[in-house]
């Protein structure tokens, strides 16, 4: 593993799959200001590499991808430093959301608060059979903010309210049922489930995938009519890459 900085290691393989490991953040992979900055900087470096077709985000320990934000640091904040802290976390989550290639969150163990906000900003969430999810901020005197705003879009307003306003912990099967995660792996099968998702991504055109992710991000924010009309031009631009011609011809040749 190559260390981009003390909190961010990366491995790349010949298929264009990169694996970003959040490092030196304690046994539960907790986000303090230094970890937040390190991982964000790592994501920004990798975002410039056009050879990357899929990114997997993992924690150094099997207890968590990201346990949550650092309560010990947050307990010392005032209004100004609190806004600075949460701006850093916002920028980290946005770096995942804006990453040009699909981002897979590999989620063993605990996924709480800021960890769930980061997971929500990823494209795919693959959970271990015993993963646990919660938004416990209101229990420690702060509201859930920033990318918690993605939760109603993912799981609906009622379930998002329930998670955020009761601080309830839900298990992996419930998270799957709610649409909070995409896959719950059987015991011992987390890496196989992640690999299956990677395999699906690698069957697709890399330029089409980048274009699709960018479109989805715009669809989240634009009115429906604009979303529909904007994508006409994006469809046309796909033909400039040569991918449709190559992949469609391959499809036609296989059918003969």
Open item on the list: Could you go through segment 101-115 and let me know if any residue there is assigned to a helix (DSSP H, G or I), touching a residue at least 24 places away in the same chain (Cβ under 8 Å) and in the same structural domain as residue 49 (by TED's automatic domain parsing).
Closed with: yes
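Has segment 133-141 got any residue that is over 26 Å from residue 77 (Cβ atoms), touching a residue at least 60 places away in the same chain (Cβ under 8 Å) and not in a strand (DSSP E or B)? Give the steps one after another, and end with the answer.
So in segment 133-141, the residues over 26 Å from residue 77 (Cβ atoms) come out as none.
Within segment 133-141, none of the residues are over 26 Å from residue 77 (Cβ atoms), touching a residue at least 60 places away in the same chain (Cβ under 8 Å) and not in a strand (DSSP E or B).
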Task: Residue list for segment 181-207, restricted to those being in a loop (DSSP other than H, G, I, E, B) and under 17 Å from residue 102 (Cβ atoms) - done: 181, 182, 203, 204, 205
- [ ] Would you check which residues across segment 36-69 are touching a helix residue (DSSP H, G or I) at 6+ places or on another chain (Cβ under 8 Å) and more than 26 Å from residue 208 (Cβ to Cβ) and list them?
- [x] 36, 37, 39, 40, 64, 65, 66, 67, 68, 69
Task: Restricting segment 218-227 to residues that are out of contact with any helix residue (DSSP H, G or I) (no Cβ under 7 Å at 6 or more places or on another chain) and in a helix (DSSP H, G or I), the residue that is farthest from residue 248 (Cα to Cα) - done: 221
- [ ] Can you give me the number of residues within segment 31-52 that are within 14 Å of residue 17 (Cα to Cα), under 17 Å from the mean Cα position of the chain (by Cα) and surrounded by fewer than 19 Cβ atoms within 10 Å (Cβ to Cβ)?
- [x] 1
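Working only within segment 72-84, note down all residues that are assigned to a helix (DSSP H, G or I) and exposed (fewer than 14 other Cβ atoms within 10 Å of the Cβ). Before you say what the answer is, go through the steps one by one.
Restricting attention to segment 72-84, the residues satisfying the condition of being assigned to a helix (DSSP H, G or I) are 72-74, 79-84.
The answer is 72, 79, 80, 81, 82, 83, 84.
Residue by residue, here is whether (1) within 20 Å of residue 114 (Cβ to Cβ); (2) at pLDDT 95 or above; (3) outside any strand (DSSP E or B) holds:
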| site | (1), (2), (3) |
| --- | --- |
| 11 | no, yes, no |
| 25 | yes, yes, yes |
| 41 | yes, yes, yes |
| 49 | no, yes, yes |
| 57 | yes, yes, no |
| 86 | yes, yes, yes |
- [ ] Inspect all residues belonging to segment 2-9 and state whether any of them is part of a strand (DSSP E or B), over 30 Å from residue 205 (Cα atoms) and modelled with pLDDT of 95 or more.
- [x] yes
Task: Meets criteria (surrounded by fewer than 12 Cβ atoms within 10 Å (Cβ to Cβ), at pLDDT 95 or above and either under 21 Å from the mean Cα position of the chain (by Cα) or part of a helix (DSSP H, G or I) (or both)) for residue 233 - done: yes
Task: Residues that are assigned to a strand (DSSP E or B) and either touching a residue at least 60 places away in the same chain (Cβ under 8 Å) or touching a helix residue (DSSP H, G or I) at 6+ places or on another chain (Cβ under 8 Å) (or both), drawn from segment 13-23 - done: 17, 18, 20, 22
TODO: Determine, yes or no, whether residue 90 is touching a helix residue (DSSP H, G or I) at 6+ places or on another chain (Cβ under 6 Å), surrounded by fewer than 21 Cβ atoms within 10 Å (Cβ to Cβ) and more than 22 Å from residue 3 (Cα to Cα).
DONE: yes
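Looking at 164, 201 in this structure, which one is crowded, with 17+ Cβ neighbours inside 10 Å, touching a residue at least 60 places away in the same chain (Cβ under 8 Å) and under 26 Å from residue 91 (Cβ atoms)? Steps first, please.
Numbers: 164 fails: touching a residue at least 60 places away in the same chain (Cβ under 8 Å).
Only one candidate passes the filter, namely 201.
Quick test for you: out of 159, 153, 210, pick the one residue that is touching a residue at least 60 places away in the same chain (Cβ under 8 Å), farther than 17 Å from residue 107 by Cα, assigned by TED's automatic domain parsing to the domain that holds residue 62 and assigned to a helix (DSSP H, G or I).
Details: 159 fails: touching a residue at least 60 places away in the same chain (Cβ under 8 Å); 210 fails: assigned by TED's automatic domain parsing to the domain that holds residue 62.
Of the residues listed, the single one that is touching a residue at least 60 places away in the same chain (Cβ under 8 Å), farther than 17 Å from residue 107 by Cα, assigned by TED's automatic domain parsing to the domain that holds residue 62 and assigned to a helix (DSSP H, G or I) is 153.
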TODO: Could you please find all residues in segment 27-43 being in contact (Cβ under 8 Å) with a residue 40 or more places away in the chain and closer than 12 Å to residue 60 by Cα?
DONE: 28, 29, 30
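The values are calculated or read from the model by the stated rules, or taken from the named source; none is laboratory data. Model, not experiment: these values are computed from the prediction. Ideal geometry is used to build each Cβ from the backbone, glycine not excepted, and the neighbour counts take in all protein chains shown.
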